[in-house]
Amino acid sequence: MTALIRELPRGTSGRVIVGISGSPGSGKSTLARALVRAIGPGAAYLPMDGFHLADEQLARQGLLERKGAPETFDAFGYARLLETLRVRPQHTIYAPDFDRRLEQPLAGVSAIEPRDDIIVTEGNYLLLPGEAWSAVRRQLDTSWHVVTESALRQQRLIARHEAFGKTPDAAREWVRTVDEPNARLIETREGAADRILDLTEWVPGPELV
Ligand SMILES: Nc1ncnc2c1ncn2[C@@H]1O[C@H](COP(=O)(O)OP(=O)(O)OP(=O)(O)O)[C@@H](O)[C@H]1O
Ligand SMILES: [Mg+2]
């Protein structure tokens, strides 16, 4: 997979942006971090999840109950950051991430340096239609859609929700009522990806990426 990235044609700034989409729990974040680690210096990680709106803003818009749905993200803000990265300014660009303990976005978690010429970004909604998400898609040099067999994917999601404090019942209920409807929406867009990767048998490790 690192070879696939290294072979990609570079834009005028010499930078390449790889976008990974996929359903909740499909392994996007795990794969993106593993790729960045395997490539080493020169690669940087940028999660879409950093562009979650804060609970305060969601409450103002009556969207708290829909947290995690496409309209609960600052998609234009994400597209603009990608656009800035594409220009490759000669200073550090700080990017947010989502803190699963706080369940809130957190500014300035990642530092993307001028020397970084491979940006791996990932999230649920990179391939959605509509003005804002299309603006994100336009900034990607290539897009990969990852899939993991549904039962395994849901089992991992439930385990992750429990690890971050949900009871087993609440974890199962969240997957059924929130994650799975989002998964159905994301799956309708897999045809828009440049490449589909099945991660069902994938074991994170430097030898496999
Ligand atoms: N190949 C794997 N083997 C074992 N566990 C894995 C593997 N890939 C991912 N996981 C685990 O499964 C869970 C879901 O993976 P991950 O967080 O990468 O998914 P995601 O697609 O980023 O999900 P989300 O859309 O919710 O952010 C995590 O707890 C992760 O550690
Ligand atoms: Mg993730």
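The values are calculated or read from the model by the stated rules, or taken from the named source; none is laboratory data. Computed from a predicted model, the values in this text were never measured in an experiment. In this analysis, Cβ positions are derived from the backbone assuming ideal geometry, glycine residues included, and neighbour counts consider all displayed protein chains. All accessible areas refer to the heavy atoms of the entire protein, side chains included, with ligands and DNA or RNA removed. Shrake-Rupley method; radii C 1.70, N 1.55, O 1.52, S 1.80 Å.
If the condition is being closer than 18 Å to residue 82 by Cβ and assigned to a helix (DSSP H, G or I), then region 45-64 contributes 48, 49, 50, 51.
The set of residues from region 1-51 being among the polar types (S, T, N, Q) and at pLDDT below 95 comprises 2, 12, 13.
Mind listing whichever residues of region 86-98 are open to solvent by less than 70 Å² (accessible area, probe 1.4 Å) and closer than 12 Å to residue 139 by Cα? Spell out how you get there, then give the answer.
Initial filter on region 86-98 (open to solvent by less than 70 Å² (accessible area, probe 1.4 Å)): 86, 88-89, 92-93, 95-98.
Result: 86, single match.
Which one is farthest from ligand 1 (Cβ to nearest atom), of the residues in region 29-44 that are among the hydrophobic types (A, V, I, L, M, F, W, C) and assigned to a helix (DSSP H, G or I)?
Taking region 29-44 as the starting set, the residues that turn out to be among the hydrophobic types (A, V, I, L, M, F, W, C) are 31-32, 34-36, 38-39, 43-44.
Next cut, assigned to a helix (DSSP H, G or I) only: 31-32, 34-36, 38-39.
Working: 31: 7, 32: 8, 34: 9, 35: 12, 36: 13, 38: 14, 39: 17 Å.
Here the residue is 39.
Taken over region 1-38, the residue count meeting the criterion of being surrounded by fewer than 19 Cβ atoms within 10 Å (Cβ to Cβ) and of a type in the set (A, V, I, L, M, F, W, C) is 5.
What tally of residues in region 161-171 results from selecting those that are within 15 Å of ligand 1 (Cβ to nearest atom) and either open to solvent by 40 Å² or more (accessible area, probe 1.4 Å) or over 21 Å from residue 98 (Cα atoms) (or both)?
In the first step, residues of region 161-171 are kept if they are within 15 Å of ligand 1 (Cβ to nearest atom); the result is 161-166, 171.
Next, only the ones that are either open to solvent by 40 Å² or more (accessible area, probe 1.4 Å) or over 21 Å from residue 98 (Cα atoms) (or both) stay: 162-166.
Selection size over region 161-171: 5.
Scanning region 159-207 for residues that are within 20 Å of the chain's Cα centre (by Cα) and either basic (Lys, Arg) or not in a helix (DSSP H, G or I) (or both) yields a count of 17. Of all residues in region 107-136, those being on the phi < 0 side of the Ramachandran plot and either surrounded by fewer than 14 Cβ atoms within 10 Å (Cβ to Cβ) or out of contact with any Pro (no Cβ under 9 Å at 6 or more places or on another chain) (or both) number 17. Checked against (1) within 16 Å of ligand 2 (Cβ to nearest atom); (2) assigned to a helix (DSSP H, G or I); (3) not charged (D, E, K, R), residue 135 meets all criteria but (1).
Under the condition of being open to solvent by less than 30 Å² (accessible area, probe 1.4 Å) and more than 16 Å from ligand 1 (Cβ to nearest atom), the residues counted in region 47-76 number 2. Scanning region 79-122 for residues that are outside any loop (DSSP other than H, G, I, E, B), more than 14 Å from the chain's Cα centre (by Cα) and not hydrophobic (A, V, I, L, M, F, W, C) turns up 80, 83, 84, 86, 94, 104, 108. Among the conditions (1) at pLDDT below 95; (2) of a type in the set (Asp, Glu); (3) closer than 16 Å to residue 140 by Cβ, residue 83 misses just one, which is (1). Right, residue 156: part of a helix (DSSP H, G or I), in contact with a Ser or Thr (Cβ under 8 Å, 6 or more places away or on another chain) and open to solvent by 60 Å² or more (accessible area, probe 1.4 Å) or not? Considered against the rule, which asks whether it is part of a helix (DSSP H, G or I), in contact with a Ser or Thr (Cβ under 8 Å, 6 or more places away or on another chain) and open to solvent by 60 Å² or more (accessible area, probe 1.4 Å), residue 156 comes out as yes.
What's the number of the condition residue 205 fails, among (1) away from ligand 2 (no atom under 16 Å from the Cβ); (2) crowded, with 17+ Cβ neighbours inside 10 Å? The number of the failed condition is (2).
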